[in-house]
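The values are calculated or read from the model by the stated rules, or taken from the named source; none is laboratory data. Not measured: the values here are computed from a predicted model. Neighbour counts run over all protein chains shown; Cβ positions are idealised from the backbone, glycine included. Side chains are part of the model used for accessible areas, which takes the heavy atoms of the whole protein and leaves out ligands, DNA and RNA. Shrake-Rupley method; radii C 1.70, N 1.55, O 1.52, S 1.80 Å.
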Amino acid sequence: MESKEEMRKNVDSAIKVHELEGFKFTEEELAVFDRIANLEITTEEAREIFREKLAGKKRRRLYERK
């Protein structure tokens, strides 16, 4: 398992790479990344958070179309 310092470095690096490509993260997404970097949650738990968020958006769009 990575140390908190290593994880922070890796998370910050991943964020910066995507931002250099023009991607803008929401405050909510950055908060999840911060929890990963602080070793509060695993990357798998973070993926589940993002999947649930995406599923909720898809459901809302379906209901908006009706």
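Scanning the range 1-29 for residues that are assigned to a helix (DSSP H, G or I) and open to solvent by less than 70 Å² (accessible area, probe 1.4 Å) turns up M7, V11, D12, S13, A14, I15, E29.
Quick one: is A46 touching a Lys or Arg at 6+ places or on another chain (Cβ under 8 Å), small (G, A, S) and part of a helix (DSSP H, G or I)? In short, yes. If you go through the range 49-60 and keep only what is surrounded by 12 or more Cβ atoms within 10 Å (Cβ to Cβ) and not basic (K, R), you end up with I49, F50.
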